1. Please sort by residue number the GluC sites (Glu not before Pro) in the chain whose DSSP state is loop and whose Cβ has at most 16 other Cβ atoms within 10 Å.
2. Quick one: which residues, 5 or more positions from residue 42 or on another chain, have an amide H under 5 Å from its amide H? H modelled 1.01 Å from N in the peptide plane, none for Pro or chain starts.
3. How large is the charge dipole for the chain, taken about the Cα centre, if only the Cβ atoms of Lys, Arg (+1) and Asp, Glu (-1) carry charge, to the nearest 20 debye?
4. Would you mind listing how long the chain runs along its three principal axes, going by Cα atoms, in whole Å with the largest first?
5. Percent relative contact order of the chain, based on C-alpha pairs within less than 8 angstrom and at least six residues apart?
Amino acid sequence: MTWNAALAAAKDANFAGHSDWRLPNIKELESIVESCGYNPAINRTLFPATPDEYFWSGSSYVPDTSQA
């Protein structure tokens, strides 16, 4: 999905009894990255169902604001 669609999907999500979801900003997303892993670079013990895919952040990318 596009970045704008991801922003809207997070805003409209109702999951695990919560309806206040949002995309993490780039610093929040980087805080859960594991430098010892790849595809995905995430702690599979803490986040076992993480798919091997790309993820959007809530921060826009300055050179191209259609990306994040």
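1. Numbers: sites: 28, 30, 34, 53; in loops: 34, 53.
Qualifying residues, ordered by number: 34, 53.
2. Hits under the 5 Å cutoff: 34.
3. Here the size comes out at about 100 debye.
4. Principal-axis extents of the Cα atoms in the chain, largest first: 36, 30, 19 Å.
5. Numbers: 64 pairs, mean separation 19.2, N = 68.
Value for the chain: 28 percent.
Each value in this text was obtained by applying a stated rule to the coordinates, not by laboratory testing. Predicted model only: the values in this text are computed from it and were never measured. Using ideal geometry, Cβ is built from the backbone for each residue, glycine included, and neighbour counts are taken over all protein chains shown.
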